[in-house]
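The values are calculated or read from the model by the stated rules, or taken from the named source; none is laboratory data. Just so we're clear, the structure is a prediction, and the values are computed from it rather than from any experiment. Here the Cβ is made from the backbone with ideal geometry for all residues, glycine too, and neighbour counts use every protein chain on show. Ligands, DNA and RNA are excluded from the accessible area calculation, which covers all protein heavy atoms including side chains. Shrake-Rupley method; radii C 1.70, N 1.55, O 1.52, S 1.80 Å.
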Amino acid sequence: MKNEPEILVADDDINISRLIQLYLEKEGFIVSVCHRGDDAVNAFRKDPPDLVLLDVMMPGMDGWQVLRQIRKSSEIPIIMLTAKDETVDKVVGLELGADDYITKPFDSKELVARVKAVLRRTRRNEENAEDTLVFPGLTVSRTRYECHYEGKQVDMPPKELEVLYFLCQHAGQVFTRDQLLDEVWGFDFIGETTRTVDVHIKRLREKLPDCEKHGWSIRTVYGVGYKFEVK
């Protein structure tokens, strides 16, 4: 990561994007702004930033489409900006690979704090990530974002792999949904958004079938949460 992190702000509201730019530049960030989704994708490809602040509703290409395009080639942190305080929007963003979300209207201090927290977590993960975790039939690499099961590479979105990696890294330890959300996504959730953990676990189990024959499994501890169990 650069000494002066570069932030790409993609928001069609000129006044809001200008305010965000002022807030972040005051904190020492280098900020560029786009007002269309397709322009944001082009700007990202031309000069990848350290973090993207991405509005959901934009002309040219909406925020979900931009998020999908970026996630095809990069794991850079993305914070979604939404005018709706609706659970479904938060769940969709997180399942597509967003790292955080901020609901408009937002406080300038909260915005800056979330940006710094996500960048801090990203830097910590880069510095501390082990190269690979190996179990019978399974290899998971956090640095390369790769998972191999029974000799074949398994396609996984970033957050699915991060959930799997975290559970493997702490094999035998039980984690509640809230703990997994905090450890993997890095911030607190409210209400039904915790179901995103169940969705990710379900997809992992579908992609790692019959894993019990290898002596391990992603186990549900009823009334508590989940754990990676090695027999």
**Request:** Quick one: pull the percent of accessible area on region 131-231 belonging to carbon and sulfur, 1.4 Å probe, ligands and nucleic acids left out.
**Result:** 47 percent
**Item:** Relative compactness, the chain, computed as alpha-carbon Rg over 2.2 N^0.38 Å
**Value:** 1.05
**Request:** Compute the accessible area per residue over the chain, keeping the other protein chains in place, probe 1.4 Å, unit Å².
**Result:** 50 Å²
**Asked** Can you tell which of V33, T139, G223 lies farthest toward the positive end of the dipole of the chain, using +1 and -1 charges on the Cβ of basic and acidic side chains (Lys, Arg; Asp, Glu)?
**Response** T139
**Request:** Return the whole-Å distance between the Cα centroid of region 26-48 and the Cα centroid of region 93-171.
**Result:** 22 Å
**Prompt:** When the helix-only estimate is applied to the chain (DSSP H runs of n ≥ 4, each -39,500 (n - 2.57), divided by the residue count), what is the mean residue ellipticity at 222 nm, nearest 500 deg cm²/dmol?
**Reply:** -12000 deg cm²/dmol
**Request:** Within the set of other residues whose C-beta is less than 13 Å from the C-beta of D11, count the net charge using Lys and Arg as +1 and Asp and Glu as -1.
**Result:** -2
**Message:** If you restrict to DSSP beta bridges whose two residues both lie in the chain, what percentage is antiparallel, to the nearest 5?
**Reply:** 50 percent
**Asked** What trypsin sites (Lys or Arg not before Pro) in region 22-74 are in a loop by DSSP, with at most 12 other Cβ atoms within 10 Å of the Cβ?
**Response** K72
**Request:** Kindly flag which residue pairs out of K159/K202; K152/K207; K159/K213; K26/K116; K152/K227; K46/K72 have an alpha-carbon separation exceeding 18 Å in this structure.
**Result:** K159/K213; K152/K227
**Request:** Note down the net charge around H214, summing +1 for each Lys or Arg and -1 for each Asp or Glu among other residues with Cβ under 11 Å from its Cβ.
**Result:** -1
**Asked** How high is the relative contact order of the chain, given as a whole-number percent (alpha carbon pairs under 8 Å, six or more residues apart)?
**Response** 13 percent
**Prompt:** Rounded if a/c is under 1.5, else prolate if a/b is larger than b/c, else oblate: which is region 96-168, with a ≥ b ≥ c the root eigenvalues of its Cα gyration tensor?
**Reply:** prolate
